[in-house]
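Here is the structure we will look at, set down as structure tokens.
The values are calculated or read from the model by the stated rules, or taken from the named source; none is laboratory data. Predicted, not measured: the structure shown is a model, and the values here were computed from it. Counting neighbours? That spans all protein chains shown, and the Cβs are built from the backbone with ideal geometry, glycine included.
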Amino acid sequence: MIVSPEVAKQFMEQTVPLHKFLGMTVLEIRDGYCKMRFPFREEVMGDFRAKRWHGGIIATALDSVGGAAAATTLTSFEDKLATIDMRIDYLRGSGPSDLVVIGKLIRNGNRVIATDMEAWQENEEKLVATGRAMYSVYRKQGLDPGEQFSL
């Protein structure tokens, strides 16, 4: 990672406006891996009668954690990362409790990064959705991959 896990956590929680709006917290981040918590609240409901999460918000959470896992491979602040494809399987309804989402790097290519993601509830005992995402990556040329940066 080009920054420490603490700096990456602070950046994702405080700088990304959507993450701030959703109240997301980073539970763990390391090379090729990220784990986040998204709190349940009224604004994330899709079915207000059953108090279930909106599928689009679950997709957003999965994309956020997949992108964060992919971002751990960046070597420069000038590198760019963008979602190019994402598939989600919704496995069961998600009730009125927090989501814990996990993203894992499965391929770190020169131009494309692939991640697998999972969304859990009830202390990571109830798997509600899985996903796979592909991210386009542009890496600034000429940098030593081991070079570290700090904010």
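Assorted remarks:
- In summary, HIS19 fulfils each of the numbered conditions (1) out of contact with any strand residue (DSSP E or B) (no Cβ under 8 Å at 6 or more places or on another chain); (2) closer than 21 Å to SER76 by Cβ; (3) not basic (Lys, Arg) with the single exception of condition (2).
- The lone criterion from (1) in contact with a helix residue (DSSP H, G or I) (Cβ under 8 Å, 6 or more places away or on another chain); (2) surrounded by fewer than 18 Cβ atoms within 10 Å (Cβ to Cβ); (3) touching a residue at least 24 places away in the same chain (Cβ under 8 Å) left unmet by LYS20 is number (3).
- Across segment 30-52, a minimum of one residue is classified as of a type in the set (A, V, I, L, M) and part of a helix (DSSP H, G or I).
- Test: residue in segment 75-98 that is closer than 17 Å to GLU28 by Cα, free of Cβ contacts under 8 Å to residues at least 60 places away in the same chain, assigned to a strand (DSSP E or B) and within 13 Å of the chain's Cα centre (by Cα): no
Rundown of residues vs (1) closer than 19 Å to THR115 by Cβ; (2) of a type outside the set (Asp, Glu); (3) modelled with pLDDT of 95 or more; (4) touching a strand residue (DSSP E or B) at 6+ places or on another chain (Cβ under 7 Å), yes/no style:
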position: ARG37; (1), (2), (3), (4): yes, yes, yes, yes
position: ALA50; (1), (2), (3), (4): no, yes, no, no
position: ALA61; (1), (2), (3), (4): yes, yes, yes, yes
position: THR75; (1), (2), (3), (4): yes, yes, no, no
position: LYS80; (1), (2), (3), (4): yes, yes, no, yes
position: ARG87; (1), (2), (3), (4): yes, yes, yes, yes
position: TYR90; (1), (2), (3), (4): yes, yes, yes, yes
position: PRO96; (1), (2), (3), (4): no, yes, no, no
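Okay, residues lined up against (1) closer than 20 Å to SER64 by Cα; (2) surrounded by 17 or more Cβ atoms within 10 Å (Cβ to Cβ); (3) touching a His at 6+ places or on another chain (Cβ under 8 Å); (4) β-branched (Val, Ile, Thr):
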residue	(1), (2), (3), (4)
LYS104	yes, no, no, no
GLU122	no, no, no, no
GLU125	no, no, no, no
ALA129	yes, yes, no, no
LYS140	no, no, no, no
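- Scanning segment 39-93 for residues that are buried (at least 18 other Cβ atoms within 10 Å of the Cβ) and among the acidic types (Asp, Glu) gives a single hit, ASP63.
- Just one of (1) in a strand (DSSP E or B); (2) under 11 Å from the mean Cα position of the chain (by Cα); (3) within 27 Å of GLU42 (Cα to Cα) fails for TRP120. It is (2).
- Filtering segment 1-15 to residues that are loosely packed, with under 15 Cβ neighbours inside 10 Å, at pLDDT below 85 and assigned to a loop (DSSP other than H, G, I, E, B) leaves only SER4.
- All of (1) polar (S, T, N, Q); (2) closer than 18 Å to MET12 by Cβ; (3) buried (at least 18 other Cβ atoms within 10 Å of the Cβ) hold for THR25 with one exception: (3).
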